[in-house]
Amino acid sequence: MVFLFDFIFPGFLWAMSLLSVPLLIHLFYFRRYKRQYFSNVLLLKQLQEKRATRNQLKYWLVLISRLLILIFLVLAFSQPFLGTDNIADNSKWTSIYIDNSFSMSLDDGSGSLLSKAVRFAKEHVFNNDAATKYQILSNGLLLKKKQFLDKQEALEAIDRINLMPYNMP
């Protein structure tokens, strides 16, 4: 089994170019030194040699931490996930909502609005391929109706939709 590494929002990966900002800052090291006159330069040279390795280590640790923060921030926005290559689910998932409140009983000359909505929903189901799964929703949102159905079950569920006197949130 091979794991694939994919992103939900791969468009955010362009922000990896922002990694050049801390690199440029650290390469050019924009620190301005102020000249101080001091009588005993030998003492200062000894202090500078003693702290040079510690400062260099701190310099590289700060650079690495800034780069890691930017990398993780970009990855957080692009939302990576692991998937497997043996998943070959090519089916589409479609949700269809039909308003079955009493306002849909209005007749516009070619039938009620509910019958038009049912007809359009059936046409949508007929025009899609057999692998498509459907979720048929209406104002009577019962928990058992929140499942995904195949083509034939979706057509039957659409046929069962009637006007309802109430709206459920």
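The values are calculated or read from the model by the stated rules, or taken from the named source; none is laboratory data. Note that the coordinates shown come from a computational prediction; the quantities given were computed from them, not determined experimentally. Heads up, the Cβs are rebuilt from the backbone with ideal geometry, glycines too, and the neighbour counts pull from every protein chain shown.
Of the residues LYS45, LYS34, LYS58, only one is surrounded by fewer than 10 Cβ atoms within 10 Å (Cβ to Cβ) and either in contact (Cβ under 8 Å) with a residue 60 or more places away in the chain or of a type outside the set (Asp, Glu) (or both); which?
That would be LYS34, the only listed residue that is surrounded by fewer than 10 Cβ atoms within 10 Å (Cβ to Cβ) and either in contact (Cβ under 8 Å) with a residue 60 or more places away in the chain or of a type outside the set (Asp, Glu) (or both).
Quick check on my filter: what residues within region 30-57 are part of a loop (DSSP other than H, G, I, E, B) and modelled with pLDDT of 75 or more?
Scanning region 30-57 gives a single hit, ARG35.
Inspect region 66-88 for any residue being part of a helix (DSSP H, G or I), among the charged types (D, E, K, R) and at pLDDT below 85 and give the result as yes or no.
Scanning region 66-88 turns up no residue that is part of a helix (DSSP H, G or I), among the charged types (D, E, K, R) and at pLDDT below 85.
Which of the residues spanning region 1-17 are hydrophobic (A, V, I, L, M, F, W, C) and either surrounded by 13 or more Cβ atoms within 10 Å (Cβ to Cβ) or at pLDDT below 85 (or both)?
Passing the criteria: MET1, VAL2, PHE3, LEU4, PHE5, PHE7, ILE8, PHE9, PHE12, LEU13, ALA15, MET16.
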